[in-house]
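Written below as structure tokens is the structure these notes are about.
The values are calculated or read from the model by the stated rules, or taken from the named source; none is laboratory data. The structure presented is a predicted model; accordingly, all values stated were derived computationally and were not measured. Because the Cβ atoms are built from the backbone with ideal geometry, glycine has one as well, and the counts that use them run over all protein chains shown. Accessible surface areas use protein heavy atoms only, side chains included; no ligands, DNA or RNA. Shrake-Rupley method; radii C 1.70, N 1.55, O 1.52, S 1.80 Å.
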Amino acid sequence: MLGLKPIKTLPIKEKIAANLREAILSKKIPAGEILTLESTAQELGVSITPTREAFQILARDGLLELERNKRAVVLGVNEKTIREHFQVRAALESEACVLCCENKIDLQRIDQILKVSREEIEKGDFESYSSLNQTLHMELWTAAGNDKLKNMLSELWNGLSRGVLVNEEEYVRKSLKEHEEIVESIRKGDAMECYLRMQKHIKNSCENFMQRYN
């Protein structure tokens, strides 16, 4: 036994919300589209209850309007909507990094994730890197020690935001480099530096996402 901890993932309702949010923000699901609980759950291979909870999360985000008969209407999004989403993520994730510095967190688990991330990229397994990306962010949210902050970030999660103009390998290598820089700032205990690096990381995700949107 290696004594490794299980890889963390988002709760199912937040995975569903993240999947739908990404599709709505990138306009894969257009404004005005009618979503039903049954068809959405079936397409995603999940049950009705977490799908209903995901609809409620997205309604609070202003991306869905809930109707009777277990239906929801996709609301229109624009550049302002998308930028506001990433601005909130940047503010919360940067604060999580500051809390990690203040808490002097144990970085052993996060270092392990970075090591495996490098290995997966070298193997060309970019899909695995996407999961590891999520895991690293969740580790930071958890280490921050603020459950309210963690819950808010879980609901906002939208996964990798690779732009259509960026080569996949180029994007994941850049993402990993930014992760390594953020973690190094936490290791040094430099709260301002890790705050700014996380801000830059999320801003880069936003700009890549906007390439896809436009």
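Quick rundown of the values:
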{"read-out": "Flag for L66 being open to solvent by less than 70 Å² (accessible area, probe 1.4 Å), over 25 Å from L132 (Cβ atoms) and in a strand (DSSP E or B)", "value": "no"}
{"read-out": "Condition met for K115 (more than 20 Å from N204 (Cα to Cα) and more than 18 Å from the chain's Cα centre (by Cα))", "value": "yes"}
{"read-out": "Region 58-83, residues that are among the polar types (S, T, N, Q) and under 21 Å from the mean Cα position of the chain (by Cα)", "value": "N78, T81"}
{"read-out": "Any chance V88 is touching a residue at least 40 places away in the same chain (Cβ under 8 Å), open to solvent by less than 80 Å² (accessible area, probe 1.4 Å), of a type in the set (V, I, T) and closer than 27 Å to C194 by Cα", "value": "yes"}
{"read-out": "Flag if G32 is small (G, A, S), part of a loop (DSSP other than H, G, I, E, B), modelled with pLDDT under 90 and open to solvent by less than 70 Å² (accessible area, probe 1.4 Å)", "value": "no"}
{"read-out": "Near pairs, Cβ below 8 angstrom, 6+ apart or cross-chain, from region 186-214 (among the small types (G, A, S)) to any residue that is outside any helix (DSSP H, G or I) and open to solvent by 80 Å² or more (accessible area, probe 1.4 Å)", "value": "G189/K104"}
{"read-out": "Test set (1) without any contact (Cβ under 8 Å) to a residue 60 or more places away in the chain; (2) more than 19 Å from the chain's Cα centre (by Cα) - E102 fails condition number", "value": "(1)"}
{"read-out": "Meets criteria (more than 30 Å from D106 (Cα to Cα), without any contact (Cβ under 8 Å) to a residue 12 or more places away in the chain and of a type in the set (A, V, I, L, M, F, W, C)) for A41", "value": "yes"}
{"read-out": "Failed criterion for P50 (all others in (1) under 16 Å from H85 (Cβ atoms); (2) surrounded by 13 or more Cβ atoms within 10 Å (Cβ to Cβ) hold)", "value": "(1)"}
